[in-house]
Amino acid sequence: GQGAPVAVTKVETRMLPQDNGKIKPHFLVYVKNAGNGEVINPSEINTSCTSSALDYTDFNTLRVSAALSGVPLRCSEDTDAVPGPATIRLREKEDLIRCTYDKDGGIDAGLDAYVAPLKVELDYGYTFTISKNIIIEKVLTH
């Protein structure tokens with residue numbers, strides 16, 4: 001357990017060979033709302049704590065960023081996108097995002113295998129409602 005209501009449930013790794021003798025590490029990061037509440041777009045956290053209404057697109061929306069050995073990954077299907085955070089929308093409490101290592105066109109294919117830390121950061125708001133029945137008695141005074 002990761003302790004947070006929204007968790008990375010699985011990471012799949014793929015190595016994409018390039019024409020330039022390099023390999024681009026590519027990660028499929030699976031994310032799930034494992035809690036009982038609702039994920040809120042992190043830019044709307046303050047609004048969610050007021051009486052103002054949230055748009056339906058503000059629910060189930062979070063930002064994901066990832067880095068391999070401290071190098072930010074491009075977490076987007078858009079190959080022209082710059083490395084950095086990407087916004088995803090959970091469908092039925094889960095989704096996945098693709099993150100690719102683009103620095104210097106990839107990693108030299110001739111290198112031996114090595115271990116590198118993958119850091120995935122999720123940025124979101126979270127809300128849940130607790131209901132409780134209460135009894136209000138009218139007290140008469142004379």
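Results, tabulated for the structure shown:
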{"quantity": "5 Å-binned pair-distance histogram of the chain (Cα, whole percent)", "calculated": "2, 9, 16, 17, 14, 11, 9, 6, 5, 3, 2, 2, 1, 1, 1, 1, 0, 0, 0"}
{"quantity": "Rh by Kirkwood over Cα pairs, then Stokes-Einstein D for region 1-45 at 1.002 mPa s and 20 °C, µm²/s", "calculated": "162"}
{"quantity": "Whole-number accessible area per residue in Å² for region 21-138, which is evaluated in the context of all protein chains at 1.4 Å", "calculated": "65"}
{"quantity": "In region 5-142, lysine pairs closer than 29 Å at Cα, eight or more apart or cross-chain", "calculated": "18"}
{"quantity": "Cysteines without a disulfide-compatible partner [the chain; Cβ-Cβ under 4.7 Å]", "calculated": "49"}
{"quantity": "Length added when fully stretched, residue 114-residue 128, from 0.36 nm per residue minus Cα-Cα", "calculated": "0.8 nm"}
{"quantity": "Extension gain, residue 4 back to residue 52 (0.36 nm per residue minus Cα-Cα distance, nm)", "calculated": "14.7 nm"}
{"quantity": "Total charge dipole magnitude, the chain, about the Cα centre, Cβ charges on Lys, Arg, Asp, Glu only, Debye to nearest 20", "calculated": "400"}
{"quantity": "Relative packing of 76-88, 32-44, which averages over residues the other C-beta atoms within 10 Å, highest first", "calculated": "32-44, 76-88"}
{"quantity": "Rounded to whole Hz, the Karplus (6.51, -1.76, 1.60) HN-Hα couplings of region 56-61, x for glycine and proline", "calculated": "4, 6, 7, 8, 6, 10"}
{"quantity": "Accessible area in the full protein assembly, largest first, 1.4 Å probe, for 89, 74", "calculated": "89, 74"}
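The values are calculated or read from the model by the stated rules, or taken from the named source; none is laboratory data. Nothing here was measured: the structure is a model prediction, and the numbers come from that model. Positions of Cβ are generated from backbone atoms using ideal geometry, with glycine treated the same way; all protein chains shown enter the neighbour counts. The accessibility values were calculated without ligands, DNA or RNA, using every heavy atom of the protein model including side chains. Shrake-Rupley method; radii C 1.70, N 1.55, O 1.52, S 1.80 Å.
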